[in-house]
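Chemist: Below is one structure. I have some questions about it.
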Amino acid sequence: MLENSRPHRYAKILAAGCYLPPQVVDNDALIERFRLPIDSEWIFSRTGIRSRHWMSPDQTTSDMCVAAATRILQRAEVSIRDVDRIILATISPDLPSPSTATIVARKLGASCAAFDISAACAGFLYGLDLGIATIRQGAGHVLVLAADARSRFLDTSDVRSIVLFADGAAGVLLGGSDRPGFLSIYLGAEGRERMGAYIPAGGAACPASHHTVDGRLHFLKVDGRKEIFELFIRFTRQACTRALEDAGLTLQDVDLFITHQGNALMVQAVLDDLGIPSAKAVNNIAHHGNTAGATVPIALVEALEAGRIKPGNRVLITSVGAGYTFGAAVYCF
């Protein structure tokens, strides 16, 4: 039952924060560690990545979430006891069951409702949608987190995957407001036989066995780059168009654009497709790599910390994830 029974008209972001593991692996170190048959410029020219953060062996996804959540709550000056929901978007859970959100709640000392959602790289937007609804129903505070530890699922023989993916966590604390914060949010999904990126084994369709381990089926598999790029651009355009229409705005009304930081070339392709100048967009993949569901909130946090977002600015955030899932939201700070 919600602690605050008074429904709110709007939801707003009270604070944002992120956590990146201290271990930084640059391209040269990655090539040396795994004896990759490529050089640093090969990686950069195809991904735009120069380094990425990976968890240490003793860290978990929940640890990253706790670190990010602690920073968020400190910035908002809100106690964990006053949080009504913890919503965690992840495809890198600590365990198959129970949810990693319950582990995060235990580590934070919370006793509120806590659960995971799985929407791949669009997970943060899916979490925001649920968080906004919960605030409008009367909750006082909702913690929306996104975290992924993709380094734990990489096949070291797969050059495309190992150079691309990384670890990180970020999120926001939502609260009620008498003025609009989120002007719109739109979500979608289009299931396809080719899912973009997936882990073949470990679920009910293909339980773990000697066969799946020997076949290296518990590692991340990534579909062809051309197909992923084409669908990413198409779904981003669809989501952004709908979110802007629902907000009664156009791209010219947007002060900052944040899309999924999956690949620098893919980010630029989206900007070119939508006609957005690079100066109005965030592209931080060079030093973070692809942190899956965490890329968008990490980019949001860094834009706020860099002073790129001023009061009254309208920010359009969007992402496309495996599955395919996609979404966009417009927020006025």
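Chemist: Determine, yes or no, whether L95 is under 18 Å from P297 (Cβ atoms) and of a type in the set (A, V, I, L, M). Lay out the reasoning, then the answer.
Modeler: Working: under 18 Å from P297 (Cβ atoms): no; of a type in the set (A, V, I, L, M): yes.
Considered against the rule, which asks whether it is under 18 Å from P297 (Cβ atoms) and of a type in the set (A, V, I, L, M), L95 comes out as no.
Chemist: Go through (1) free of Cβ contacts under 8 Å to residues at least 12 places away in the same chain; (2) within 21 Å of C121 (Cα to Cα); (3) not hydroxyl-bearing (S, T, Y) and name the single condition A279 misses.
Modeler: (2)
Chemist: Moving on. Name the single residue, out of those in the range 215-224 being closer than 17 Å to A120 by Cα and not hydrophobic (A, V, I, L, M, F, W, C), that is modelled with the highest pLDDT.
Modeler: Among those residues, the one meeting the criterion is H218.
Chemist: Additional query: Tell me which residues, restricted to the range 118-163, are more than 30 Å from R9 (Cβ to Cβ) and in a helix (DSSP H, G or I).
Modeler: Within the range 118-163, A120, C121, R150, S151, R152, F153, V159, R160, S161, I162 qualify.
Chemist: Looking only at strands (runs of 3 or more DSSP E) that fall completely inside the range 1-75, which ones have 1 or more residues that are more than 30 Å from Q268 (Cα to Cα) and in contact (Cβ under 8 Å) with a residue 12 or more places away in the chain?
Modeler: Details: elements: 10-19, 24-26, 51-53.
The strands (runs of 3 or more DSSP E) meeting that bar are 10-19.
Chemist: Continuing with this model, one more query. Against the condition in contact (Cβ under 8 Å) with a residue 12 or more places away in the chain, in contact with a helix residue (DSSP H, G or I) (Cβ under 8 Å, 6 or more places away or on another chain) and over 22 Å from A16 (Cβ atoms), how does L231 come out, does it pass?
Modeler: On the way: in contact (Cβ under 8 Å) with a residue 12 or more places away in the chain: yes; in contact with a helix residue (DSSP H, G or I) (Cβ under 8 Å, 6 or more places away or on another chain): no; over 22 Å from A16 (Cβ atoms): yes.
Criteria not met by L231.
Chemist: What's the total number of residues in the range 197-218 that are out of contact with any Asp or Glu (no Cβ under 8 Å at 6 or more places or on another chain) and either among the polar types (S, T, N, Q) or buried (at least 17 other Cβ atoms within 10 Å of the Cβ) (or both)? Talk me through it step by step, then tell me what you get.
Modeler: Within the range 197-218, the subset out of contact with any Asp or Glu (no Cβ under 8 Å at 6 or more places or on another chain) is 198-215, 217-218.
Keeping just the survivors that are either among the polar types (S, T, N, Q) or buried (at least 17 other Cβ atoms within 10 Å of the Cβ) (or both) gives 201, 209, 212, 217.
Residues flagged as out of contact with any Asp or Glu (no Cβ under 8 Å at 6 or more places or on another chain) and either among the polar types (S, T, N, Q) or buried (at least 17 other Cβ atoms within 10 Å of the Cβ) (or both) within the range 197-218 amount to 4.
Chemist: Test of understanding: among A146, A120, A133, which residue is closer than 30 Å to L231 by Cα, out of contact with any Leu (no Cβ under 9 Å at 6 or more places or on another chain) and buried (at least 16 other Cβ atoms within 10 Å of the Cβ)? Before the answer, list the steps.
Modeler: On the way: A146 fails: out of contact with any Leu (no Cβ under 9 Å at 6 or more places or on another chain); A133 fails: buried (at least 16 other Cβ atoms within 10 Å of the Cβ).
Matching residue, one of A146, A120, A133: A120.
Chemist: Spot the failing condition for G168; the list is (1) more than 16 Å from the chain's Cα centre (by Cα); (2) modelled with pLDDT of 95 or more, and only one is missed.
Modeler: Only one criterion is unmet by G168, namely (1).
The values are calculated or read from the model by the stated rules, or taken from the named source; none is laboratory data. Worth saying up front: this structure is predicted, and the values here are computed from it rather than measured. Cβ sites come from the backbone with ideal geometry, for glycine too, and all protein chains shown count toward neighbours.
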